[in-house]
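What follows draws every value from the coordinates through simple rules; no lab data is involved. Treat the numbers as computed from the prediction; the structure is a model and nothing was measured. Backbone-built Cβ (ideal geometry, glycine too); neighbour counts: all protein chains shown.
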């Protein structure tokens, strides 16, 4: 008889990957990431559950919102990523009739870039006008041929990149090389 084995997501510890001349790249540990997509004809109930459960409104197109416990990111029409410390079973029980829910934990890593020269680094990575990418903005884009989500925490100073875990090593090399080039 075959033995059943459970697969658990890889947990990365938070660590500074590189710090040079006021430009810091950190890997930030994420304990839970969930995608929630509202079911057809359940918008009002979904929004109400979202506000009660996460204490957040659903973010607008191209935006993210956060509080002390959760961060919610707009992904596409009626679909969001939520990052936080919540148990998957609790989310399922709160949204089971109004949304499809997927545990994305272990599928993504969160990188934070902070410092005075972040703008120069992002100009080499992104094909957008950073002047119109304000605080609270979220962008789904390709970086180094990797589908990522970029969040503007503080314009020209602090950004977050969510990257698929399978491309983490490639992304880390690209970003550390750029930090070394710019800083």
Sorted on mean Cβ neighbours within 10 Å (highest first), peptides 18-26, 83-91 come out as 18-26, 83-91
Rounded to the nearest 10, the angle in degrees between the Cα long axis of helix 43-54 and the longest principal axis of the Cα atoms of the chain comes to 70
Cα convex hull volume per residue for the range 33-103, in Å³, equals 72
Taking 35, 79, 93 and counting other beta carbon atoms within 10 angstrom, the fewest-first order is 93, 79, 35
Expressed as a whole-number percentage, the relative contact order of the chain with C-alpha contacts under 8 angstrom and at least six residues apart is 24
The helix 168-182 Cα axis meets the longest alpha-carbon principal axis of the chain at an angle in degrees, between 0 and 90 and rounded to 10, of 30
Applying the gyration tensor rule to the Cα atoms of the range 92-145 (axes a ≥ b ≥ c; rounded if a/c under 1.5, else prolate if a/b exceeds b/c, else oblate), the class is prolate
Note on the chain: alpha-carbon gyration tensor, axes a ≥ b ≥ c; rule is a/c under 1.5 for rounded, else prolate if a/b larger than b/c, else oblate; result oblate
So, relative contact order of the range 33-103 in percent, Cα under 8 Å, 6 or more apart, is 43
